[in-house]
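The values are calculated or read from the model by the stated rules, or taken from the named source; none is laboratory data. Since the structure is predicted, the reported quantities are computational estimates derived from the model, not experimental observations. Here the Cβ positions follow ideal geometry from the backbone for every residue, glycine too, while neighbour counts run over all protein chains shown.
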Amino acid sequence: MVIQIAVLLVMSLAAAGIGWVSGGILRSDLPPADPAAAETAAAGHGEASGGHGESAAGHGEGGEEAAGPPPNPLVLPLPPITTNLAAPSDIWVRMELDIVLEKPSDDPNLVERVHQDLLAFIRTVKMHQIEGASGFQHLKADMEERAATRSEGLVKMVLIKTLLFE
């Protein structure tokens with residue numbers, strides 16, 4: 001019985017030590033916290049910052065809201081795709097997509113070309129091809145390949161924001 005307790009104690013100490021070392025290694029990758037930023041955030045409810053956590057820079061001259069960050073030129077939204085599947089034809093699909101570009105494009109018709117090609121592709125898809133997680137991954141990979149081909153390699157990724165079947 002004494003040997004079992006001793007082994008249990010040694011194993012517990014070893015586990016605690018390994019956890020402490022692992023935590024130290026993982027924690028070292030994080031940037032150190034800035035104490036000045038923490039004090040500024042904690043004082044965010046004061047009157048100097050506009051009260052109730054609002055920053056004084058958040059309002060324009062006439063009390064209007066300042067514009068948010070400019071949209072990313074490398075992420076372009078596509079118009080929603082609504083169509084029926086190839087089989088069964090009574091199943092409708094609605095997708096909202098974004099495309100991520102390798103570099104900004106000057107082509108004004110790029111979004112329309114990719115949208116039309118993906119619409120044509122979705123009309124050829126059968127329900128059994130996109131069932132389950134692997135079917136979703138295959139659908140996404142196929143759409144990324146078609147978008148990259150249609151844009152001559154400019155589209156790096158297709159982001160599926162919504163996918164609805166009815």
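Summary of computed values
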| item | result |
| --- | --- |
| Where ASP106 falls short, out of the listed (1) outside any strand (DSSP E or B); (2) among the acidic types (Asp, Glu); (3) surrounded by 11 or more Cβ atoms within 10 Å (Cβ to Cβ) | (3) |
| Qualifying residue in the stretch 13-29 (condition: more than 30 Å from ALA141 (Cβ to Cβ), touching a helix residue (DSSP H, G or I) at 6+ places or on another chain (Cβ under 8 Å) and either in a loop (DSSP other than H, G, I, E, B) or modelled with pLDDT of 90 or more (or both)) | no |
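One line per residue, one yes/no per condition, for (1) under 17 Å from VAL75 (Cα atoms); (2) surrounded by fewer than 16 Cβ atoms within 10 Å (Cβ to Cβ); (3) in contact with an Asp or Glu (Cβ under 7 Å, 6 or more places away or on another chain); (4) among the acidic types (Asp, Glu):
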site: SER89; (1), (2), (3), (4): no, yes, no, no
site: ILE99; (1), (2), (3), (4): yes, no, no, no
site: VAL111; (1), (2), (3), (4): yes, no, no, no
site: ALA120; (1), (2), (3), (4): no, yes, no, no
site: SER134; (1), (2), (3), (4): no, yes, no, no
site: LEU139; (1), (2), (3), (4): no, no, no, no
site: GLU144; (1), (2), (3), (4): yes, no, no, yes
site: VAL158; (1), (2), (3), (4): yes, no, yes, no
